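Undergrad: This is the structure I want to talk about, given as structure tokens.
The values are calculated or read from the model by the stated rules, or taken from the named source; none is laboratory data. None of these values were measured; they are calculated from a predicted model. Neighbour counts are summed over all protein chains in view; Cβ atoms, including those assigned to glycine, are modelled from backbone coordinates with ideal geometry. Heads up: the accessible areas ignore ligands, DNA and RNA and are worked out on the full protein's heavy atoms, side chains in. Shrake-Rupley method; radii C 1.70, N 1.55, O 1.52, S 1.80 Å.
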Amino acid sequence: TTPDASGVRALAASNTTHARGYLLTATPDLIVCDLAMPREDGPSFIHSVRASNEALGRVPAVAVTAFYEDYPPRSAAEFAAYFQKPVDIDSLTRTIASLLASPER
């Protein structure tokens, strides 16, 4: 994909298999992941990504979810931030900018 006016290049994956394909050739600056996906949930996906590659283990991840019963989800401890759907884009953007600017990266 081509970067937008701010220099951001976003890759969208329709499922975790597709996302893993991207991760074979690129280390993203950040991962945004739904918690409820078919075949593999978000926490399992992020855990396996982190375990598969040391560089990916340091990539911050942001969770989004439509579930309200358990928020923030206890099962998603590996995520740096959580957002309920519908996602407030301004809040998400500020959080992403903060995570990317973090000296821990």
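Undergrad: Between L100 and D34, what is the label-to-label distance in nm when each label sits 7 Å out along the Cα-to-Cβ direction?
TA: 2.3
Undergrad: Something else about it: In nm, to one decimal, how far is the modelled label at R9 from the one at H47, with both set 7 Å along Cα→Cβ?
TA: Placing both labels 7 Å along Cα→Cβ, they lie 3.2 nm apart.
Undergrad: If you don't mind, another one. So between I89 and T17, what do we pick up on full extension, going 0.36 nm a residue minus the alpha carbon distance?
TA: 23.3 nm
Undergrad: Ranked highest first by the average count of other Cβ atoms within 10 Å around their residues, in what order do 78-88, 28-38 fall?
TA: 28-38, 78-88
Undergrad: Separate question: Out of region 12-73, which trypsin sites (Lys or Arg not before Pro) are coil in DSSP terms and have no more than 16 other C-beta atoms within 10 Å? Walk me through the numbers on the way to the answer.
TA: Details: sites: R20, R39, R50, R58; in loops: R39, R58.
Those satisfying the criteria are R39, R58.
Undergrad: I'd like the carbon and sulfur percentage of the solvent accessible area for region 15-64, probe radius 1.4 Å, heavy atoms only, ligands and nucleic acids excluded. Before the final figure, lay out each step's value.
TA: On the way: 1460 of 2660 Å².
The C+S portion of the solvent-accessible surface of region 15-64 is 55 percent.
Undergrad: Just by accessible area at a 1.4 angstrom probe, what is the order of V59, V8 from largest to smallest? Walk me through the intermediate numbers first.
TA: On the way: V59 10, V8 80 Å².
Accessible-area ranking of V59, V8, largest first: V8, V59.
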